[in-house]
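Working notes for the structure below.
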Amino acid sequence: MSYDLVDGKVVSPEGCELNVAHHCNLGCASCSHLSPVFRRSLIATETAARDLSLLARSFRARFVKVLGGEPLLHPELVPLLGLVRDSGIAPHTTVCTNGLLLPRMRDDFWAAVDEVEISVYPDRELPEEKMAGVQAYADKHGVRLTLAYYSHFRYSYAERGTEDDELVRHIYDTCQIAHVWRCHTLYEGHFFKCPQSVFLPQVLAGAGDPMADGLRLSDAPDFPERLLAYLRSPKPLRACRNCLGSAGMRMPHQQRNRRTFRELQDHSSEELTDRQFLRLLDERPDADDGCAVEDRDAWRERLAEQPPAAVAASAHTGAGRSAPSDAPGRRARPARHAQEERF
């Protein structure tokens, strides 16, 4: 399915994402939103209201995902969810969370959402009694609760990137994030094809203008046509020089702190690309990336089969590659945004 222009609006067969908190209460290795390197960083409600209102004039989607970072860290999450619903961009609102803070959420939160997606990680699972309370709130308000159990991640980016234009195009063309899941991201007055193109330029030294890969929102009459052309463009983004799209090597899930998060990615794109999976994506664009399952028992079986030594090895050698250099890439300080405190 592709994009259509209907009644002056671009219609997407998938959704749109709004990151409301860029920091997180976890530090998942190779987080595609680079949350472990962000300190407290929250979207302002005024910014969200402006951007949602402007985008709604030119864009329609099946759903809006509210995420982060960890979205439940935002103290004004419920008003933000109201802004999403009132915008009319989509008829369905989903919150994506690691679930650890869900037991704190009360009726006003559950009344404001249609679906809650929980990503469950090893040793970060809610106790059964707390999960039962969460399920009770969801049932009370008719909210769909979906869980994905993660045993692995794929490397999301490479600090050193690549100068190989063919590899960049191959990674872009097979990127499930941009072309299959269509994780289009609304951020600071711009519309981006993917979250990596939002966050990588804010972290990597020498990445240039952090808004370069996005399209500035506008109420100009020709904006819907420009948005459609942007979404259909076959040209890789600047961030694709470092981003691994969907083809990063797979590694056992692990937690990292802010100091060590970037060390894991201190390699070139060539070193961290899973060439076999890249070829599979050529044939099957929606191929399973092997990171998560929906069944809890299958998840536990997968974790039990994973030798503990493999986790330690991937933490120090880049999933079996040569050990990273002594110093990770230098962090570029990003532009300031409302209510944020980074690095």
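The values are calculated or read from the model by the stated rules, or taken from the named source; none is laboratory data. Just so it is clear, the model here is predicted, and its values are computed rather than measured. Here Cβ is always computed from backbone atoms with ideal geometry, including for glycine, and neighbour counts include all displayed protein chains. For the accessible areas, the whole protein counts, side chains as well, though only heavy atoms, and no ligand, DNA or RNA atoms are used. Shrake-Rupley method; radii C 1.70, N 1.55, O 1.52, S 1.80 Å.
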Fill in: Given (1) under 18 Å from CYS16 (Cα atoms); (2) open to solvent by less than 30 Å² (accessible area, probe 1.4 Å); (3) aliphatic (A, V, I, L, M); (4) out of contact with any strand residue (DSSP E or B) (no Cβ under 9 Å at 6 or more places or on another chain), number of the condition LEU54 does not satisfy
(2)
Discussion item. When you scan segment 205-222, do you find a residue that is open to solvent by less than 10 Å² (accessible area, probe 1.4 Å) and either of a type in the set (A, V, I, L, M, F, W, C) or farther than 21 Å from SER2 by Cβ (or both), even just one?
Written reply: no
Practice prompt. Residue by residue through segment 174-192, note down the ones that are closer than 14 Å to LEU55 by Cα and touching a strand residue (DSSP E or B) at 6+ places or on another chain (Cβ under 9 Å).
Written response: HIS184, THR185, LEU186, TYR187, GLY189, HIS190, PHE191, PHE192
Fill in: Filter pass, VAL198 being open to solvent by less than 20 Å² (accessible area, probe 1.4 Å) and closer than 30 Å to ASP107 by Cα
no
Discussion item. Cβ contacts < 8 Å: first residue over 17 Å from PHE277 (Cβ atoms), restricted to segment 169-186; second residue open to solvent by 10 Å² or more (accessible area, probe 1.4 Å) and part of a strand (DSSP E or B), any location; separation 6+ or different chain. Result?
Written reply: CYS183/GLU17; CYS183/LYS65; HIS184/GLU17; THR185/GLU17; LEU186/GLU17
Discussion item. Out of the residues in segment 265-301 meeting the condition of being farther than 15 Å from ASP164 by Cβ and among the polar types (S, T, N, Q), tell me which one is most open to solvent (accessible area, probe 1.4 Å).
Written reply: GLN276
Practice prompt. Could you please let me know if ASP139 is part of a helix (DSSP H, G or I) and free of Cβ contacts under 8 Å to residues at least 12 places away in the same chain?
Written response: yes
Worksheet entry | Conditions (1) surrounded by 19 or more Cβ atoms within 10 Å (Cβ to Cβ); (2) free of Cβ contacts under 8 Å to residues at least 40 places away in the same chain; (3) over 18 Å from SER35 (Cβ atoms); (4) not polar (S, T, N, Q): number failed by VAL95 | (3)
Worksheet, complete the sentence: Taking segment 57-68 and keeping only residues that are more than 20 Å from GLY8 (Cα to Cα) and open to solvent by 30 Å² or more (accessible area, probe 1.4 Å), one is left with LYS65
Worksheet, complete the sentence: Conditions (1) open to solvent by less than 10 Å² (accessible area, probe 1.4 Å); (2) closer than 21 Å to PRO224 by Cβ; (3) small (Gly, Ala, Ser) -> GLY88 fails only (1)
Item to complete: Determine which member of the set ARG279, ARG258 is part of a loop (DSSP other than H, G, I, E, B) and basic (Lys, Arg).
Response: ARG258
Item to complete: Please identify the pairs in which a residue from segment 200-219 that is β-branched (Val, Ile, Thr) has its Cβ atom under 9 Å from the Cβ atom of a residue that is part of a helix (DSSP H, G or I), counting only partners at least 6 apart or on another chain.
Response: VAL203/VAL37; VAL203/ARG262
Worksheet item: How many of the residues in segment 2-53 are touching a Pro at 6+ places or on another chain (Cβ under 8 Å) and at positive phi?
Response: 1
Item to complete: Quick one: in segment 124-136, of everything that is in a loop (DSSP other than H, G, I, E, B) and either without any contact (Cβ under 8 Å) to a residue 40 or more places away in the chain or in contact with an Asp or Glu (Cβ under 8 Å, 6 or more places away or on another chain) (or both), which residue is surrounded by the fewest Cβ atoms within 10 Å (Cβ to Cβ)?
Response: PRO127
